[in-house]
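Accompanying notes for the structure given below.
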Amino acid sequence: MLAIDARELSKTYRTREKAEGLGASLRGLAKPVWKEVRAVQSINLAVGRGEIVAFIGPNGAGKSTFIKMLCGILHPTGGEISVLGLSPVKERRRLAMRVGAVFGQKSQLWLHLPAVDSFTLLAAIYEISDAERRRRVAELSELFGLESFLHTPVRKLSLGQRVRCEVAASLLHDPEMLFLDEPTIGLDVVVKQAIRELILRRNKERGTTVFLTSHDPADIEQLCRRAVVIDHGALVLDSPVETLRSDYLGKKLVEVSFSVPRAIPAMPGVTPAAASGGLTATLTVDTSVRPIGEVMERLSGLGNVLDITISNPPMEDIIAAIFQREVSS
């Protein structure tokens, strides 16, 4: 059985546009103007049980709309969808008992209560007995390292502590599938890594299917074997992460600044930005051609280096490059 089976899934919003002129609007003289927005366009997607899939795309691509249809929060305009063998439209309550969700910008915890009290309330919602609740809270508390702040009001927790509680809360009812929408947003490197390790462990030990959206390339590289790319509501790429890594995430951005003007020597696999040169330079390094260590060594050898910064290309740029290649092919 598939965890997700979407066929020609579409969602169109009908929104009202404000007419020009404040006076006409106040007098009710302006006729309403309606506009149709196709947030999701005929997506076909199948996800097997136990997969960890990255669902990525630029802001406004339709990711959240698609996930809300998977959860049954929104009803599709067209097409069919099945999640864990259930219809999110007709069987939303049954589906809710079998899936968990973490949204980086929204909390399922009560801010003025300790996390342990939120767990108690959620256990009641999911019809978990007191004995089973205590067992699961103890298990998750040990797994996520929550003991030291489990009884602290959520509003007083750090962002990293709160996210760990959020993920634990989403797993309290032992879901078969987990939706993660930007779960590591705003977290420091150490906490991000801890969250990733916990997700991988859950997937390995319980076979939990994970559907992940993220703008962090490290989330995709370390967690997922498959990447699904969406843009303007349409699916533009569905391929192994290895392909995504070798084609796009294998590139690094290097920014270097000098105390005196320096010319950057030509190097295979290294492309300078058009405005690079002089006191600062920005380089794109294809690590499959030129190891980043060699580039650092060459730059340091020029002398008078004030600072060097290495970063991944922005995910929006990667998605844009993928989309442009798909359109031109």
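The values are calculated or read from the model by the stated rules, or taken from the named source; none is laboratory data. As the structure is a prediction and not an experimental result, all values here were calculated from the model. Cβ placement follows ideal geometry from the backbone for every residue including glycine, while neighbour counts extend to all protein chains displayed. Ligands, DNA and RNA are stripped out before the accessible areas are found, and what is left, the full protein with its side chains, is counted by its heavy atoms. Shrake-Rupley method; radii C 1.70, N 1.55, O 1.52, S 1.80 Å.
Considering each of Leu306, Leu283, Leu279, Leu299 in turn, give the residue that is in contact with a strand residue (DSSP E or B) (Cβ under 7 Å, 6 or more places away or on another chain), free of Cβ contacts under 8 Å to residues at least 60 places away in the same chain, over 30 Å from Ala46 (Cβ atoms) and loosely packed, with under 13 Cβ neighbours inside 10 Å. I'd like the intermediate steps shown before the answer.
Details: Leu283 fails: loosely packed, with under 13 Cβ neighbours inside 10 Å; Leu279 fails: loosely packed, with under 13 Cβ neighbours inside 10 Å; Leu299 fails: loosely packed, with under 13 Cβ neighbours inside 10 Å.
Exactly one of Leu306, Leu283, Leu279, Leu299 is in contact with a strand residue (DSSP E or B) (Cβ under 7 Å, 6 or more places away or on another chain), free of Cβ contacts under 8 Å to residues at least 60 places away in the same chain, over 30 Å from Ala46 (Cβ atoms) and loosely packed, with under 13 Cβ neighbours inside 10 Å, namely Leu306.
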**OP:** Return a yes/no flag: does the stretch 228-245 have any residue that is among the basic types (Lys, Arg), open to solvent by 30 Å² or more (accessible area, probe 1.4 Å) and over 11 Å from Ala54 (Cα atoms).
**Re:** yes
Original post:
Ser82 fails exactly one of the following numbered conditions: (1) open to solvent by 60 Å² or more (accessible area, probe 1.4 Å); (2) in a strand (DSSP E or B); (3) polar (S, T, N, Q). What is the number of that condition?
Top reply: (1)
**OP:** Kindly indicate the residue of the stretch 195-225 that is touching a helix residue (DSSP H, G or I) at 6+ places or on another chain (Cβ under 8 Å) and open to solvent by 40 Å² or more (accessible area, probe 1.4 Å) and also nearest to Leu45 (Cα to Cα) among those meeting that condition.
**Re:** Arg225
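With respect to Ser148, is the statement that it is within 30 Å of His215 (Cα to Cα) and assigned to a helix (DSSP H, G or I) true? Give the derivation first.
Values: within 30 Å of His215 (Cα to Cα): no; assigned to a helix (DSSP H, G or I): yes.
No: the conditions fail for Ser148.
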Original post:
Among the candidates Arg98, Arg14, Arg27, which residue alone is at pLDDT 90 or above and of a type in the set (D, E, K, R)?
Top reply: Arg98
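For Glu255, state whether it is open to solvent by 70 Å² or more (accessible area, probe 1.4 Å) and in contact with a Lys or Arg (Cβ under 9 Å, 6 or more places away or on another chain).
Values: open to solvent by 70 Å² or more (accessible area, probe 1.4 Å): yes; in contact with a Lys or Arg (Cβ under 9 Å, 6 or more places away or on another chain): no.
Judged against the criteria, Glu255 is not a match.
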Subject >> Boolean, Val167 is under 21 Å from Leu2 (Cα atoms), open to solvent by less than 20 Å² (accessible area, probe 1.4 Å), of a type in the set (A, V, I, L, M) and touching a strand residue (DSSP E or B) at 6+ places or on another chain (Cβ under 7 Å) >> reply: no
Subject >> Pair list, Cβ < 8 Å and 6+ apart or interchain, from the stretch 130-156 residues that are more than 17 Å from Val167 (Cβ to Cβ) and open to solvent by 100 Å² or more (accessible area, probe 1.4 Å) to residues that are among the β-branched types (Val, Ile, Thr) and in a helix (DSSP H, G or I) >> reply: His151/Val116
**OP:** Quick one: in the stretch 114-126, of everything that is open to solvent by less than 60 Å² (accessible area, probe 1.4 Å) and either not in a helix (DSSP H, G or I) or not small (Gly, Ala, Ser) (or both), which residue is farthest from Leu159 (Cα to Cα)?
**Re:** Tyr126
Original post:
How many residues does the stretch 194-217 hold that are among the polar types (S, T, N, Q) and assigned to a strand (DSSP E or B)?
Top reply: 2
Original post:
Hey, does the stretch 227-246 have a residue that's more than 30 Å from Ser64 (Cα to Cα) and among the β-branched types (Val, Ile, Thr)?
Top reply: no
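Just need a number here: residues in the stretch 63-79 that are in a loop (DSSP other than H, G, I, E, B) and either on the phi > 0 side of the Ramachandran plot or open to solvent by less than 20 Å² (accessible area, probe 1.4 Å) (or both).
Within the stretch 63-79, residues that are in a loop (DSSP other than H, G, I, E, B) and either on the phi > 0 side of the Ramachandran plot or open to solvent by less than 20 Å² (accessible area, probe 1.4 Å) (or both) number 1.
Name the single residue, out of those in the stretch 185-202 being of a type in the set (Val, Ile, Thr) and out of contact with any strand residue (DSSP E or B) (no Cβ under 7 Å at 6 or more places or on another chain), that is modelled with the highest pLDDT. Steps first, answer last, please.
Just the residues of the stretch 185-202 that are of a type in the set (Val, Ile, Thr), to begin with: 185, 189-191, 195, 199.
Then keep just the ones that are out of contact with any strand residue (DSSP E or B) (no Cβ under 7 Å at 6 or more places or on another chain); that gives 185, 189-191, 195.
Numbers: Ile185: 76, Val189: 81, Val190: 80, Val191: 79, Ile195: 84.
Going through the qualifying residues, I end up with Ile195.
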Subject >> Test result for Gly100, among the small types (Gly, Ala, Ser), open to solvent by 50 Å² or more (accessible area, probe 1.4 Å) and within 16 Å of the chain's Cα centre (by Cα) >> reply: no
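Quick one: which strands (runs of 3 or more DSSP E) lie wholly within the stretch 218-285 and hold at least 1 residues that are touching a Cys at 6+ places or on another chain (Cβ under 8 Å) and at pLDDT 85 or above? Steps first, please.
Working: elements: 226-231, 234-240, 251-262, 270-272.
Here the list is empty.
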